[in-house]
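**Q** Take a look at the following structure, please.
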Amino acid sequence: MVEIVAVVVAAGRGIRAGGGVPKQFRTIGGEPMLRRALAMLVGHPEVGAIQPVIHPDDVERFRAIACDDTVLPPVFGGATRQASVRAGLEALKARKPDIVLIHDAARPFASPALITRAIETATQSGAAVPGLRVNDTVKSVDADGTVTETLDRNTLRLIQTPQAFAFQPLLDAHARAAAQGREDFTDDAGLAEWAGLRVTVFEGEGGNVKITNPEDFARAEAERFGALGDVRIGTGIDVHAFGPGDHVRLGGLQIPHTQALTGHSDADVVLHALVDAILGALADGDIGSHFPPSDPKWKGAASDQFLKFAIERVAARGGRIAHLDVTIVCEAPKIGPHRDAIREKIAELAGLPLSRVAVKATTSEQLGFTGRREGILAHATATVRLPWE
Ligand code: MG
């Protein structure tokens, strides 16, 4: 039985990718990149164990994402990628697998077929790395940017991971490089070549991209998970009591009635319910937390501005409102004659096409406070699409 173990290198500090955490812990499609890379290897039938190499500062972050008992306890990496791989290999000394795969956490989309090819090729040749043909013309330049040579692209390959090796020769090569102070290899194939091992290139995968910059995250996100794939649904409920007056405000419209709705602002239950629904979708507090009734600034305020605020919060997150739906519950005034106008007004205030706004009305069959004509209740749902983060 051939034993195959994968070392996953995830000890980098790179925060260039944004999000305030090392890039391997940043999410793509709602999953931390490192968890995707681990899960991809966990799911491969020939890979018996996975040895993660992490930074000491990431112990807690790692604990939160470790996903399977074939993932061994992590070991700590060193100052360079090469030192981190060596730490992973040394942790496997006692286990002595036949084949070791070295994979970067920054390539979370390698396919099972690519891993199979890596194992097969390394089983035959001892050292195997995935490579892509080069479609662009490649030139060497000097320090001034003057071309010194146009390379024959047919002989060139862009090298990826996972790279697969017979375990012991790779461990020995790493030990020798370290002993001689060579810490500058950017991949294990380079180190193996230096050590005199014969390295074979097999066909890589275009989709096995290396995720480094914020643009890489955005592109991978859009290509694989669809832009704004994080669909959120928020709900909001609001109630206002009737008091003396001759009109109510519903959905930004003034509607004649024998009473008014009482409240600190203009008591527009429809807009208030919508604002809470939108804030709910964003998990961003509620109308009272952003516009405290204790603040005299909002006394008699038109609720349009609350809705505009909530919509701006969506835009600030890079999101869009897909749909707003509201139900008004009261015996009077009759909503039917005003329903389309309310719908149009909400669409206008929200900057949405009419097809993305719904307004419905019902009575409560004379039951409860709405049935006793003591006030109006509005219930709203907001469907908001956000980028995954
Ligand atoms: Mg209210």
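The values are calculated or read from the model by the stated rules, or taken from the named source; none is laboratory data. It should be emphasised that the depicted structure is a prediction, and the values quoted were computed from it without experimental measurement. Note that we place each Cβ from the backbone using ideal geometry, even for glycine, and neighbour counts take in every protein chain shown. Heavy atoms of the whole protein, side chains included, go into the accessibility calculation; ligands, DNA and RNA do not. Shrake-Rupley method; radii C 1.70, N 1.55, O 1.52, S 1.80 Å.
**Q** Through the Karplus equation 6.51 cos²θ - 1.76 cosθ + 1.60, θ set to phi - 60°, convert the phi angles of region 223-237 into ³J(HN,Hα) values in whole Hz; use x for Gly and Pro.
**A** Each residue's phi maps through the Karplus curve to give 5, 9, 10, x, 5, 6, x, 8, 8, 10, 10, x, 10, x, 10 Hz.
**Q** Put +1 on the Cβ of each Lys and Arg and -1 on the Cβ of each Asp and Glu in the chain; which of Ile50, Thr146, Phe309 then has its Cα farthest toward the positive end of the dipole?
**A** Towards the positive end, the residue furthest out is Phe309.
**Q** Once you place label points 7 Å from the Cα toward the Cβ at Lys210 and Glu331, how far apart are they in nm?
**A** 7.3
**Q** Hey, got the dipole for region 230-386? About the Cα centre, +1 on K and R Cβ, -1 on D and E Cβ, debye to the nearest 20?
**A** Roughly 280 debye for region 230-386.
**Q** Whenever you get a sec, compute what percent of the accessible area on the chain sits on carbon and sulfur atoms (1.4 Å probe).
**A** 51
**Q** Calculate one ³J(HN,Hα) per residue across region 325-337 by plugging θ = phi - 60° into the Karplus curve 6.51 cos²θ - 1.76 cosθ + 1.60, and present them in order as whole Hz with x for glycine and proline.
**A** My calculation for region 325-337 gives 9, 9, 10, 9, 10, 6, 8, 7, x, 5, 8, x, x Hz in order.
**Q** Would you please give the residues with an amide H less than 5 Å from that of Val209, counting only those at least 5 places away or on a separate chain, with H modeled from the backbone geometry?
**A** Here Phe109 satisfy the definition.
**Q** How large is ³J(HN,Hα) for each residue in region 27-32, as worked out from phi by the Karplus curve 6.51 cos²θ - 1.76 cosθ + 1.60 (θ = phi - 60°), to whole Hz, x for Gly and Pro?
**A** 8, 10, x, x, 10, x
**Q** Using Cα pairs closer than 8 Å and at least 6 residues apart in sequence, work out the relative contact order for region 194-308, in percent.
**A** 22
**Q** If Lys and Arg each add +1 and Asp and Glu each add -1, what is the summed charge of the other residues whose beta carbon sits under 12 Å from the beta carbon of His44?
**A** Around His44, the surrounding residues sum to -1.
**Q** Counting DSSP beta bridges with both partners in region 107-233, what percentage is antiparallel, nearest 5?
**A** 65
**Q** A further question follows. Relative contact order of the chain: what whole-number percent is it, with Cα pairs under 8 angstrom and at least 6 residues apart?
**A** Computed value for the chain: 15 percent relative contact order.
**Q** Would you mind telling me the antiparallel percentage of the DSSP bridges in the chain, rounded to 5?
**A** DSSP beta bridges in the chain are roughly 65 percent antiparallel.
**Q** Taking +1 at the Cβ of each Lys and Arg and -1 at the Cβ of each Asp and Glu, which of Ala273, Ala218, Leu38 sits farthest along the dipole of the chain towards its positive end, judged by Cα position relative to the Cα centre?
**A** Of the candidates, Ala273 comes out farthest on the positive side.
**Q** Leaving out ligands and nucleic acids, note down the accessible area per residue over region 230-386 with a 1.4 angstrom probe, in whole Å².
**A** Accessible area per residue: 46 Å².
**Q** Still on this structure: Which value, in Å² and to the nearest 10, is the accessible area of Arg36 when all protein chains are kept and the probe is 1.4 Å?
**A** Here the accessible area works out near 50 Å².
**Q** For the chain, what is the charge dipole size about the Cα centre, in debye to the nearest 20, if Lys and Arg each add +1 at the Cβ and Asp and Glu each add -1 at the Cβ?
**A** For the chain, the charge dipole is close to 220 debye.
**Q** Let me ask you something else. Which one, Asn135, Phe109, Pro256, is farthest towards the positive end of the dipole of the chain when Lys and Arg carry +1 and Asp and Glu -1 on their Cβ?
**A** It is Pro256, whose Cα lies furthest towards the positive end.
**Q** Follow-up question, since we're still on this one. Please tell me the relative contact order of region 4-225 in percent, rounded to the nearest whole number, where contacts are Cα pairs under 8 Å and at least six residues apart.
**A** Reported relative contact order: 24 percent.
**Q** Just for region 4-225, what percent of DSSP beta bridges are antiparallel, to the closest 5?
**A** Taking every DSSP beta bridge within region 4-225, about 40 percent pair in antiparallel fashion.
**Q** While we're looking at this one, here's another question. Which value, in Å², gives the accessible area per residue of region 1-84 when a 1.4 Å probe is used on the protein heavy atoms?
**A** Value for region 1-84: 43 Å² per residue.
**Q** Give the long-range amide H neighbours of His323: residues separated by 5 or more places, or on another chain, with amide H under 5 Å away, using H modelled in the peptide plane at 1.01 Å from N.
**A** Thr383
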